[in-house]
Amino acid sequence: MKPWQAVLLRLFSRKVVLASAVLLTLVVAIATVFPWVSDADPGAISISERLQAPSATHWAGTDELGRDVMLRIVHGARYSLLIGGLTAAGAVLLGTLMGMLAGFFRRLDAPLMRLVDAMMSFPDILLGIALVSILGASLWNVMLALVIVYTPRVARVVRASTLVLRELLFVDAARALGVRTHLILWRHVLPNLVSPVLVQLTFIFAYAILAEAGLSFLGVGVPPDIPTWGTMIAGSLESSDKAFWTILYPGLAIVFTALSLQMLGDGVRDLLDPKLKKAS
Amino acid sequence: MTFMLKRLGGAVLVLALVAILVFALTRLASGDPVALLLGDQATAADIEAARTQYGLDKPLPTQFALWVGELMQGNLGQSLFLQLPVSQALLERAEPTLMLAVLAVGIAALIGVPCGMAAAIWRGSAGDQALSSVAMLGASVPSFWLGLILIQLFAVKLGWFPASGYGDPDSPLSERVQHLVLPALVLGLLNSALIIRFTRASMLDILGEDYVRTARAKGLPEHTVMVKHVLRNALVPIVTVLGLTLALMIGGTVVTETVFNLPGVGNLVVRAVLRRDYPVIQGTLLVIAAVYVFINLAIDLLYTVVDPRIRLEAK
């Protein structure tokens, strides 16, 4: 068995982790494939069918404009996953760079980390609101704002790991051999950061989906004509008393996706954290 | 002493950065508050006059210096829209937010600490795994969505609690608390997830310590070990996290305040952002961040009193 097979086998030995991975794969697959095989328009308005309860034709009912809620959830998955995935990727890239610099170069440590402290002294959602209001509410700006919000979190984790790695023997040895600093960072430090960063990636993925929904709810998020799970709930607030399914199902989509992502992240953490291995 | 000074210096530096960030955030924002304030009817001369009146015509560094100068004298400035000093606007909005935050942290602690302890004591069991999954679920639910569900269930269907608002300011305390039950439940339930995970982790940390093994080896009954040796030591980090959760909640309650239409600090910020009410945004964000920095600092300093090892390590 190859090493990566062994790792996957251990990762999926926990049933919840396996179930989460399967569920996520399904969500991603449906989100990518469905718009190719069906040309049903998620924005198709049908006033005669407005606010119908879930039925065989409309699995999750229809909203205040008679649009099919299930169809919009499927299309919304693309946007919600895009926002979550790109935000997580961006925050992880920037945060890893920042954390490695702070952790490896003593001189950069204090200024970078004070900046991180300052940014983290605002509640996430408030910083998000302020940033979106500066950048203007659009799909890309919401992502950019969330990247800025979550970068300090990654930077803190990566710095802590880098501080430990910096003192390890193989880094010392590389330094003694005269390996240049950027190569030490690239070949010896970065590969050892993969596990903590991977954990952060899954968690921020989930948080970003939640944060986008929150921002859209407050009216400072993605424009309402783009069907994300967040804008679906925000758009149906008025009819929530009469037609609760318009809010219930997009919310459930968020919950299940975020939960699966975090379960998967937790599985990766258990797998890669030697301290936990000892304790259990 | 050096540790305390260093820590204090760090906090002051962070606050200075926060002030710069807050100022930069508001001034980078698109949209002109004066145009919004005066409406479509205003002439160019009116707008110019108003800009001069509010000091918005001066160069940015001058505006920043003036703002910091006022801050040093404890003056947060004057709202552009509310006809109130920012500090007064904040004070008027403080009560719902503070009460909500305290109630929510209370609920989170009542659920989170016992559940986390149980999960740590019976770690690896089915109960532990179930609790860990529930904790993860708490971090996956959008707060406004849970709020909407609770409103449907307990306010619309059952009519047990009011769905929104905070009642009359002169109404008795019990009536105002009634309005806070559902929002506090939302925030309490969601934050208990974090507390469960944290309590479990810090209990497990302590369970691995030598003195716990010693206590068991000398034949102390298990519950004595748990209460006297494990829980006591685990409580310090747990109380810290509860404190930080409380600090982050002031301002972090903004979404829940909007769902339940509570006239709190978060609500104040959102309205200010939508209207570009610079002084209010600046003042509120600064106060919220300062509260967080100070609670953090206080906890660190308390640590050095409780645990002398920390002071020594910092040297």
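The values are calculated or read from the model by the stated rules, or taken from the named source; none is laboratory data. Bear in mind the structure is a predicted one, so any value in this text is a computation, not a measurement. Counting neighbours? That spans all protein chains shown, and the Cβs are built from the backbone with ideal geometry, glycine included.
So, in the stretch A:157-176, how many residues would count as being assigned to a loop (DSSP other than H, G, I, E, B) and either touching a Phe, Trp or Tyr at 6+ places or on another chain (Cβ under 7 Å) or surrounded by 19 or more Cβ atoms within 10 Å (Cβ to Cβ) (or both)?
Of the residues in that region, 0 qualify.
What's the number of the only condition in (1) at pLDDT 80 or above; (2) more than 14 Å from B:Val280 (Cβ to Cβ); (3) surrounded by 13 or more Cβ atoms within 10 Å (Cβ to Cβ) that B:Leu56 fails to meet?
(1)
Are any residues in the stretch B:138-173 over 24 Å from A:Asp241 (Cα atoms), more than 21 Å from the chain's Cα centre (by Cα) and at pLDDT 75 or above, and if so, which ones? Walk me through it before giving the result.
First, pick out the residues of the stretch B:138-173 that are over 24 Å from A:Asp241 (Cα atoms): B:138-139, B:168-173.
Applying the additional criterion that residues be more than 21 Å from the chain's Cα centre (by Cα) yields B:168-173.
Once the filter is applied, which keeps residues that are over 24 Å from A:Asp241 (Cα atoms), more than 21 Å from the chain's Cα centre (by Cα) and at pLDDT 75 or above, the stretch B:138-173 yields nothing.
Quick grid of which residues meet (1) assigned to a helix (DSSP H, G or I); (2) within 14 Å of chain A (Cβ to nearest Cβ):
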site	(1), (2)
B:Met4	yes, no
B:Gly10	yes, yes
B:Asp57	no, no
B:Ala94	yes, no
B:Leu103	yes, no
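Quick test for you: out of A:Gly95, A:Gly76, pick the one residue that is crowded, with 23+ Cβ neighbours inside 10 Å and closer than 30 Å to A:Val171 by Cα.
Being crowded, with 23+ Cβ neighbours inside 10 Å and closer than 30 Å to A:Val171 by Cα holds for just one of A:Gly95, A:Gly76, which is A:Gly95.
Of everything in the stretch B:4-15 that's within 25 Å of B:Pro61 (Cβ to Cβ) and loosely packed, with under 13 Cβ neighbours inside 10 Å, which residue is modelled with the lowest pLDDT?
The qualifying residue modelled with the lowest pLDDT is B:Gly9.
Taking the stretch B:240-275 only, how many residues are of a type outside the set (A, V, I, L, M, F, W, C) and at the interface with another protein chain (Cβ under 8 Å from one of its Cβ atoms)? Write out each step before concluding.
Step one: filter the stretch B:240-275 for residues of a type outside the set (A, V, I, L, M, F, W, C), giving B:240, B:243, B:245, B:251-253, B:256-258, B:261, B:263-264, B:266-267, B:271, B:275.
This time we only want the ones that are at the interface with another protein chain (Cβ under 8 Å from one of its Cβ atoms), so: B:251-252, B:258, B:266.
Of the residues in the stretch B:240-275, 4 are of a type outside the set (A, V, I, L, M, F, W, C) and at the interface with another protein chain (Cβ under 8 Å from one of its Cβ atoms).
Those residues that are under 17 Å from B:Val225 (Cα atoms) and surrounded by fewer than 18 Cβ atoms within 10 Å (Cβ to Cβ), I need them from the stretch B:93-122; list them, please.
B:Pro114, B:Trp122 - these are the residues of the stretch B:93-122 that are under 17 Å from B:Val225 (Cα atoms) and surrounded by fewer than 18 Cβ atoms within 10 Å (Cβ to Cβ).
Would you mind finding the one in A:Arg114, A:Arg107 that is of a type in the set (Lys, Arg) and within 30 Å of B:Val255 (Cα to Cα)?
None of the others qualify; the one that does is A:Arg114.
Please give the number of the condition A:Thr57 fails out of (1) out of contact with any strand residue (DSSP E or B) (no Cβ under 9 Å at 6 or more places or on another chain); (2) modelled with pLDDT under 75; (3) exposed (fewer than 15 other Cβ atoms within 10 Å of the Cβ).
(1)
Hey, among B:Pro237, B:Pro221, which residue is away from chain A (no Cβ under 14 Å), in contact with a helix residue (DSSP H, G or I) (Cβ under 8 Å, 6 or more places away or on another chain) and not β-branched (Val, Ile, Thr)?
Working: B:Pro221 fails: in contact with a helix residue (DSSP H, G or I) (Cβ under 8 Å, 6 or more places away or on another chain).
Testing whether each residue is away from chain A (no Cβ under 14 Å), in contact with a helix residue (DSSP H, G or I) (Cβ under 8 Å, 6 or more places away or on another chain) and not β-branched (Val, Ile, Thr) leaves just B:Pro237.
Would you tally the residues in the stretch A:208-229 being facing another protein chain (nearest Cβ under 8 Å), in a helix (DSSP H, G or I) and either farther than 15 Å from B:Val255 by Cβ or not hydrophobic (A, V, I, L, M, F, W, C) (or both)?
Residues in the stretch A:208-229 being facing another protein chain (nearest Cβ under 8 Å), in a helix (DSSP H, G or I) and either farther than 15 Å from B:Val255 by Cβ or not hydrophobic (A, V, I, L, M, F, W, C) (or both): 1 in total.
Within the stretch B:209-226, which residues are within 34 Å of the chain's Cα centre (by Cα) and closer than 16 Å to B:Trp122 by Cβ?
Applying the first criterion (within 34 Å of the chain's Cα centre (by Cα)) to the stretch B:209-226 yields B:209, B:226.
Listed by number, the list holds a single entry, B:Met226.
Here are some conditions: (1) within 10 Å of chain A (Cβ to nearest Cβ); (2) within 21 Å of A:Thr257 (Cβ to Cβ); (3) part of a helix (DSSP H, G or I); (4) not polar (S, T, N, Q). B:Val134 meets all but one. Which one does it not meet?
(1) is the only condition that B:Val134 fails.
If I filter the stretch A:257-269 for residues that are surrounded by fewer than 19 Cβ atoms within 10 Å (Cβ to Cβ), hydroxyl-bearing (Ser, Thr, Tyr) and in a helix (DSSP H, G or I), do I get at least one hit?
No, the stretch A:257-269 contains no residue that is surrounded by fewer than 19 Cβ atoms within 10 Å (Cβ to Cβ), hydroxyl-bearing (Ser, Thr, Tyr) and in a helix (DSSP H, G or I).
For the condition at pLDDT 90 or above and within 14 Å of another protein chain (Cβ to nearest Cβ), what is the one hit in A:Ile125, A:Ile73, A:Ile83, A:Ile129?
When all the criteria are applied, what remains is A:Ile83.
Is it the case, given these coordinates, that A:Gly235 is at pLDDT 85 or above, surrounded by fewer than 24 Cβ atoms within 10 Å (Cβ to Cβ) and either in contact with a helix residue (DSSP H, G or I) (Cβ under 7 Å, 6 or more places away or on another chain) or more than 9 Å from every other protein chain (Cβ to nearest Cβ) (or both)?
Considered against the rule, which asks whether it is at pLDDT 85 or above, surrounded by fewer than 24 Cβ atoms within 10 Å (Cβ to Cβ) and either in contact with a helix residue (DSSP H, G or I) (Cβ under 7 Å, 6 or more places away or on another chain) or more than 9 Å from every other protein chain (Cβ to nearest Cβ) (or both), A:Gly235 comes out as no.
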